[in-house]
1. Between A45 and F145, what is the label-to-label distance in nm when each label sits 7 Å out along the Cα-to-Cβ direction?
2. Tell me the relative contact order for the range 1-66 as a rounded percent, counting alpha carbon contacts under 8 Å between residues six or more apart.
3. Using a 1.4 angstrom probe with every protein chain in place, what is the largest-first accessible-area order of W129, W21?
4. Can you give the alpha-carbon Rg of the range 1-104 over 2.2 N^0.38 Å, where N counts its residues?
5. Within the range 28-61, what residues put their amide N at less than 15 Å from the label point 7 Å along the Cα-to-Cβ vector of S122?
6. Give the span of the range 67-149's Cα atoms along each principal axis, as three whole-Å numbers ordered largest to smallest.
7. Relative contact order for the range 1-113: what percent, with Cα pairs under 8 Å and sequence separation of 6 or more?
8. Sorting Y20, Y30 by accessible area (1.4 Å probe), largest first, what list results?
Amino acid sequence: LHTSATLELAKPELGGTMRYWRATSDSSLYLATGHEQGVLVRFRAGGGSDLPLQRQEALGGWGSVRGFDYKELAGGDASMLANLEYRFDAISLFADGGTLRMAGDWSPAKIGVGTALNLGDSGQLAFAWRTDDQARARPEIRLVFERQW
């Protein structure tokens, strides 16, 4: 189990020029199901108030919903993300889903699915597809080292 939580507080009284707060929680759990096999589950939630553009919640990319462009879904004051990955020795299958709250309303969930060739414990050659109305037959392909989760 790996978990982290952050709280950001910006106030002029603390020496800054902005006033906002932002909190995130990011947890992942790996459950071994056999030799070199297992399930990785991740859940991330974040949000805040009066967020400047650069601190607003965003989803998409290889650290969140694979198959979507980096921060393709952006501009929210809250987000939720879930990742599920099953590793079979050198091959993994994954599904990612996330939603973003903008102007008080949650967006429909965005889902990405894919497969990966595992390169040891910290690298992957991954192929991901988005599943919405902009889905294409050609996957997004990435070679990833030192995965974030």
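1. 3.6
2. Working: 99 pairs, mean separation 17.3, N = 66.
Computed over the range 1-66, the figure is 26 percent.
3. Values: W129 80, W21 120 Å².
From most exposed to least exposed: W21, W129.
4. On the way: Rg = 16.4 Å, N = 104, 2.2 N^0.38 = 12.8 Å.
For the range 1-104, the normalised Cα radius of gyration comes out at 1.28.
5. Correct set: none at all.
6. Cα extents, longest axis first: 43, 27, 18 Å.
7. Working: 276 pairs, mean separation 22.3, N = 113.
Computed over the range 1-113, the figure is 20 percent.
8. Numbers: Y20 25, Y30 110 Å².
Correct descending sequence by accessible area is Y30, Y20.
The values are calculated or read from the model by the stated rules, or taken from the named source; none is laboratory data. Not measured: the values here are computed from a predicted model. FYI the Cβ positions are ideal-geometry reconstructions off the backbone, even for glycines, and counts take in every protein chain you see. We work out accessible area using only protein heavy atoms, side chains counted, and drop any ligands, DNA or RNA first. Shrake-Rupley method; radii C 1.70, N 1.55, O 1.52, S 1.80 Å.
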